[in-house]
Each structure stands twice: as C-alpha cells, then as structure tokens.
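The structure appears below as structure tokens.
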Amino acid sequence: MAVLSKIRERSLFLVIIIALALFSFVLSGLFQGNLFSKNTNNIGEVNGESIGREEFAQQVEFYRTRSNGRTSNIQNVNNAWNSIVREKIYETQLKKSGIVVGEKDIWDAIVNQISAQNSPQFLNEVGLFDQEKLKEYIATLQDNVDENDQSKAAWLGWLNYEKGVKNGLEQNTYNSLIKAGLGSTLIEGKSDYFYQNTNVDLQYVYVPFASIADSLITVSKDDIKNYIKSHAKDFKVDESRDIQYVTFDIKASSEDEIEIKNELSKVINNREEYSAAAKTTIDILGFKNAINFAEFNTENGSDIPFDNKFYTKDQLPKTIADTLFNANLNDVYGPYKENGYYKISKVSEIKQLPDSVKASHILISFIGSSTADATVNKDEAEAKKVADSILKIVKADKSKFEEIAKEISIDKVSGAKGGDLGWFTYNRMVPEFRDFAFENKTNDMGIVKSQFGFHIIKIDGQKNHQKFIQVATFSRKIEASEKTENEVFEKAETFASELSSGKNINDLAKERSYNVNPVLNIKTLDDNLSQLGSQRQIVRWTFEENVKINDIKRFDTDNGYTVVILNKKNKAGLSAKGKNVRSIVLNQKKANLIKEKSTGETLEEIAKQNNTIARTSLAISNASPAFSGVGRFTSIAGVVTSLEENVLTKNIVGKSGVVFAIVTKKVLPTELKNYNSNKKILERALQNRNIQIYNAIKNNSEIVDNRATFY
C-alpha cells in the first residue's frame, strides 16, 4: 500500500508527529477534565450500578470467541451490552423483592443439568454422575487458563456458562413472582367466551374516508406537531448523522496487469539470474520442469498454494476445462486470467479413479485429535499401536470389522452401522482418507492418520472409473502497483483538500466523474454504512464533539480511500420522518366531518346525508369480521357484537371509515357448565409474557449507555 511506503520513507518525521499528537491528547484530556475522570472505566450504568470496562471487555471477548470471527466487533459489543443489562436489571428487581440467588442455588442447578448428568467424563466407575469429577474438571480449566488461547477461551466459556445458569435462575425466579400475580377468574373466562363467540346480524351505513376529497380538509403544521406531541412514544428518535462520501478504490491498472502477466511468463521456463549472494549468474528452475510443485510454489511466492487434488473435466473451471483435460502430461497452459489472478497451469498427473467409493472405518482417537474428549487418554503412539493391532485382526478375519467398529470406534454414527460410511464422492472426505479410498482397490484395508485420529479403512466398493487429472497452478494476484496506489492516494487527497477549501461535493464530483453516495440517519452505535460495509471509524468521527457540519475527512478503507463530508447532525427528540402523519390527521378530520353531517335519526337518513346506502350483514363475530360488500373490520366487529338489539349506534370509527349500525339479531353462544378451560386460556396468555415483563422493567430502569465513547 502507498501508506506503508510513505511510512517507511518518513519514519523519523512520523515518530515526531505521533509524539506531538499523543502529548496534545494528554493536554486536551487534562484541560477538558476527561483524562482522569471517574467515568473513564465506566461503560454504562444500570439503576446506579456501573458496568466496568474490564467486566465488559471479558463479555465482548466471550462473544467474539463464540462466534469464531463471524460477527463484527460492534455486534459483539451489542451482544455483551444486552447480556449485562439484562443481568443487572433482574438483579435489581430481585434485591427489591428480598430474594437472593446464592452459590448453592447455582451449583445445584449446574449438577442437575441433563448435559452434566449424562456426560461420560463426569461418571464414576459404576456409571453414576459424580460431582467430584465435575469439580476436578472445573479446577483443571482454571489451572490451565494461562497455557494458551484455547485454554483461556475454555475457562472464559465456563465462567459464562455459570453466569448463564445464574441469570436463568434469577430471571425464572422473578418471572415466577410476576406470573403468580397474573391470574384469571371464572367470570373473566365466561366473559371472554361470550365475547369471542357472540355473533350478530346488523344493518349499517359505512362512510369511507375516501368519500371526502382531500382538498376539502386543511391540515396545518400545528395539527401535525400537536399529533406528534400527543403520540410522542411513536415518534421518538435517537441522535443521528447524515453524510456523503466518495470512494477511491485501489485497483490494478491495465499496465499493472501487463506487468503481472509478463512476470508469470518468465516463470515458465528455466532461466539465468544474477545472484548478489553468490556474485555470479545462477540457473533458476522453471515451472515447466518442476517436479515438487508444493515446494516450487512456496519458493517462488505463488499467491495460491499447490492443490494436490484430482479433477474430472466437469469439476474444472469452464474457461480452461477443454484445454487442460485434452492436454498431454506436463503440458503448460497460460498465463491466463481467472477470478482476480493471473495463472499458469500444468497437467502434473493423470489417473483413472472411481467417481464414488463405498467404505467403512474404525476411528481411534488420541490426545490432541479433534475428536478427543476428556475420556481419551492415549497419546498418538499408543493409539497407532491399537490401530495396528485392529488392522491385523480384521485382515485375518474381515467378519470381525463390523463387531469391532460397534464396540470401540470413536465415530459413533458409523460405528453403530459397523463402520459403514456409505457411498461418497472424491471431495467429501479429508485428503488422507480420500487418497486411500480412491487410489486403492475394492477390499483393500489400511491405516491413515487425519486430524480426527487413526482410521482403519476397508474399501467396500468403487464405481465408474474414469480419467482424473491433477493440475499444478502457479498464481499471481492481480493487485495495484505502488505507482497506481500513489496515484489513487493523491486523487483522494486532492479531492479532500479541494472540498475543505469550500467547493461543493456534488459539483466537484460531477466535474471529476466521481459518484457521490449519501448515508442518512447514522446512529451512534452503527457499524455498517451502506456499500462501504463495516466502518466504525467513520461513525465515531461523525459523533466527535469537535467535528462540525461540512467537515471533511479522508479515511483508509479496505479497498482504498473514502472521502467523507458531514452534512447534518440530527438531534434526539421527536420526528415524523418516514411516517405519513398528515394522512393520519387528515383521516381524523374526515371522521369528525362525517360525524358532524351525520345528524339523521335513522340509517336511511344518515345514508342519504353521506350519499351512500344502508347495508345488511349476517353473523358478524370477532372470529368472522367480514362486512358484506365492504371488507373486514376487526375493530368494528368487536364493538357491534357488544351492542344491544334495535338501537342505533353512531360514529364507530375504524381504520378506513366510520360505521353507523343497528343490531337486528344477537345470537349468544350456548351456556357452558364450567368456564375453567376459558379461564386457563386467559391465564396461559398472561403467563407467556416473559419478553413483555422484561421490556416493562427495562423501560422503567435507569440506563446510562457510554458504549460509543469506547467502541
């Protein structure tokens, strides 16, 4: 990268600059009173209890380890935050309730877990769960915590498992207390039964809002503001930022590609080069004459290592399949361009192999193999001796293979079937297993070692022998040269400089044929920015106190540089952006207008006043809220089923209009002898509200979130 080149060229200058910057940071911290602030290590607070940086960092590390790098840092931060906040909220509620979840409660919950009870490593000699073995396991994890990253992750995983058990106990205890107060009565059960099953026949007039022209209604800005204020919860927005950016991607130029292609051409044949070390000209082996391709690729710096697999024609890339599959042994093809690389390829070996194999195996694990658990106590040499002994036995008597596989194979799935793995294709198995199964013959037996342990393999069958070829390939990734990198860097710097001098980003970008991309409503803890992907550095910059509207900054991004301008700072508060408040207020005013002019005392009069007709619908209920000729009105059905017969009810406002109705017939459901089942339905609906319970106590908790300051 050009940046690295500039660092090497100006190392002393940069050291001085960095030192001055650090000194400036220290001074600014002192003057602003932040450097030694009590809140420096405070990620946040929940009900007055602080969340320390060390505690929080451990939780973030746990989520990072658990995800195996599949989640971004800010996702891990958010997961850690949600976990700790939930934990502290429930702790607060339990303290208020006078309930404490102690160490004994946690231990009892752990030892009663089914996973612990059934784990072979915690069973004693007679096959019963032994708490002492579990204690030894935990002690071993703690003792080994500093050995390596894997041991540290194992101990951290156990601590989080303990914490998870504790949190689960606390949450279940508290939720049980809440649920104990959430009951129902037989009277409520009866009422709900009648509400759900009553149906009515009715005559009604439906006046849709659409029957009144929008032009007849005036909706002022004050109307909209008043509505938003009265429904503040629905319109609350967090602080955010709007930006525009232009990207400057570092891509190889046509000259760069020609240079890379020429370099590959030189690698094909043997050549002479001057050696400064030997102070003479030496012979360099060419790709065409190489035999050990793994070594050749390593020594000559191929960007893709040697692939020793064999391929049929259909498995090769279409662009080169015909050429390579029809080539002779040791023929070289290239240089050619494929998937961002320039390559030269050589047919290094040709074989007749089956396209699928049926095999069985007995797997013997050893300490350090990926299948080893706490019950495995053999080292590699001991496991090899066991495998050799088994091979002798099954070679002497093949009928014993199935019996031994069932008894001792660590692969329990195939072991239960006598070691049978069924039919599999060339690329399904690990290389060691694959090579033995495909390059030997049916009924052959042997031992191979893989990451899983030692496999005693029996080849049970092979199908469809055909031509396979091995292709040795030497590659160079198509990357920009230092010259190209410098040119892109200069373009980005020049663009940022001209914007800083006051030029308009859209005008300047149009002049230079650049694309300007906007990103709106960036929140303080956002990570991904549109097509830029994960760019936490840009998000943090937009929220820095000293960054002002129209400030410009160039950022180093994965594929080059991005020049960003801060367009707008949106304050936290109330906003109707993205919501059609005018339409809501408009319909409210239309409803009022319909009510005002619907003064008639009969449905016919009301229909005439609204230039519509009276209608009839039969058997309307909460389960079947379809009004014939008009549509489904769930909320209106709930109203009309509760009305008395032969009484005109006016102004029933729905989502899309106003209804005036007379119930002509009301059919009540059959009385039940007991409403206990209905009571239980209501209770279950109340009991199954853990999420609502948590959200309710969270909304009433005092939470201070400082994550954005640190991440």
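Looking at Gly164, Gly157, just one residue is surrounded by 13 or more Cβ atoms within 10 Å (Cβ to Cβ) and either within 38 Å of the chain's Cα centre (by Cα) or in a loop (DSSP other than H, G, I, E, B) (or both), and that residue is Gly157. When we screen Asp388, Asp397, Asp373 for residues that are more than 45 Å from the chain's Cα centre (by Cα) and touching a residue at least 40 places away in the same chain (Cβ under 8 Å), the only hit is Asp388. The set of residues in segment 536-561 that are of a type in the set (D, E, K, R) and outside any helix (DSSP H, G or I) comprises Glu544, Glu545, Lys548, Asp551, Lys553, Arg554, Asp556, Asp558. When segment 311-365 is filtered for residues that are in contact with a Lys or Arg (Cβ under 9 Å, 6 or more places away or on another chain), of a type in the set (Asp, Glu) and under 19 Å from Asn464 (Cα atoms), only Asp355 remains.
Would you confirm, using the coordinates I've provided, whether Ala232 is surrounded by fewer than 12 Cβ atoms within 10 Å (Cβ to Cβ), among the hydrophobic types (A, V, I, L, M, F, W, C) and free of Cβ contacts under 8 Å to residues at least 12 places away in the same chain?
no
If you filter segment 21-58 down to residues that are assigned to a helix (DSSP H, G or I) and of a type in the set (D, E, K, R), you find that the one that is modelled with the highest pLDDT is Arg53. The single condition from (1) at pLDDT below 85; (2) surrounded by fewer than 17 Cβ atoms within 10 Å (Cβ to Cβ) that Leu668 fails is (1). The condition of being charged (D, E, K, R) and modelled with pLDDT under 85 holds for only one of Arg684, Arg632, that being Arg684. For the structure I just gave you, tell me whether Ile243 is touching a helix residue (DSSP H, G or I) at 6+ places or on another chain (Cβ under 9 Å), part of a strand (DSSP E or B) and not assigned by TED's automatic domain parsing to the domain that holds Asp420. Yes, satisfied. Among the residues of segment 107-154 satisfying the criterion of being of a type in the set (Gly, Ala, Ser) and either surrounded by fewer than 12 Cβ atoms within 10 Å (Cβ to Cβ) or modelled with pLDDT of 80 or more (or both), which is nearest to the chain's Cα centre (by Cα)? So the residue we want is Ser115. On inspection, Ile565 qualifies as aliphatic (A, V, I, L, M) and part of a strand (DSSP E or B). Check segment 179-199 and report whether any residue there is over 30 Å from Val663 (Cβ atoms), touching a residue at least 12 places away in the same chain (Cβ under 8 Å), β-branched (Val, Ile, Thr) and surrounded by fewer than 18 Cβ atoms within 10 Å (Cβ to Cβ). No - not one qualifying residue is present in segment 179-199.
Within segment 412-445, track down each residue that is touching a His at 6+ places or on another chain (Cβ under 7 Å) and not hydroxyl-bearing (Ser, Thr, Tyr). Listed by number, the residues that qualify are Gly419, Leu421, Phe433.
Scanning segment 572-604 for residues that are surrounded by 15 or more Cβ atoms within 10 Å (Cβ to Cβ), under 50 Å from the mean Cα position of the chain (by Cα), among the small types (Gly, Ala, Ser) and modelled with pLDDT of 90 or more returns a single hit, Ala591.
For segment 55-73, give me each residue that is within 14 Å of Asp527 (Cα to Cα) and within 11 Å of the chain's Cα centre (by Cα).
Thr71, Ser72
What are the residues in segment 613-629 that are outside any strand (DSSP E or B) and more than 48 Å from the chain's Cα centre (by Cα), if any? Of everything in segment 613-629, just one residue is outside any strand (DSSP E or B) and more than 48 Å from the chain's Cα centre (by Cα), namely Ile613.
Checking Phe438 against (1) part of a helix (DSSP H, G or I); (2) modelled with pLDDT under 90, which test does it fail? All conditions pass for Phe438, except number (2). Per the listing Lys491, Lys458, the residue uniquely surrounded by 15 or more Cβ atoms within 10 Å (Cβ to Cβ), touching a helix residue (DSSP H, G or I) at 6+ places or on another chain (Cβ under 9 Å), in the same structural domain as Gln244 (by TED's automatic domain parsing) and of a type outside the set (A, V, I, L, M) is Lys491. Close Cβ contacts (under 7 Å, 6 or more residues apart or on different chains) running from residues in segment 662-677 that are in a loop (DSSP other than H, G, I, E, B) to residues that are among the aliphatic types (A, V, I, L, M) comprise Tyr675/Leu186.
In a loop (DSSP other than H, G, I, E, B), surrounded by 14 or more Cβ atoms within 10 Å (Cβ to Cβ), in the same structural domain as Asp435 (by TED's automatic domain parsing) and at pLDDT 90 or above - does that describe any residue in segment 360-380?
Yes, segment 360-380 has at least one match.
Could you please give the count of residues in segment 691-711 that are of a type in the set (Lys, Arg) and closer than 27 Å to Asn172 by Cβ? Final tally of qualifying residues: 1. For segment 270-288, the candidate set comprises residues that are over 48 Å from the mean Cα position of the chain (by Cα), within 26 Å of Ile478 (Cα to Cα) and modelled with pLDDT of 85 or more; within that set, the residue that is surrounded by the most Cβ atoms within 10 Å (Cβ to Cβ) is Ile284. Within segment 416-454, the set of residues being among the polar types (S, T, N, Q), under 27 Å from Gly368 (Cα atoms) and either loosely packed, with under 13 Cβ neighbours inside 10 Å or outside the structural domain of Ile362 (by TED's automatic domain parsing) (or both) comprises Asn427, Gln451. Consider Phe468 carefully, then state whether it is closer than 30 Å to Asn297 by Cβ and either assigned by TED's automatic domain parsing to the domain that holds Tyr311 or surrounded by 19 or more Cβ atoms within 10 Å (Cβ to Cβ) (or both). So Phe468 fits the description; yes. For segment 579-612, the set of residues classified as in contact with a strand residue (DSSP E or B) (Cβ under 9 Å, 6 or more places away or on another chain) and either in a strand (DSSP E or B) or not polar (S, T, N, Q) (or both) consists of Lys590, Ala591, Ile594, Lys595, Gly600, Glu601, Leu603, Glu604, Ile606, Ala607, listed by residue number.
The values are calculated or read from the model by the stated rules, or taken from the named source; none is laboratory data. Given the structure is predicted, the values throughout are model-derived calculations rather than measurements. Positions of Cβ are backbone-derived with ideal geometry, glycine not excepted, and every protein chain shown enters the neighbour counts.
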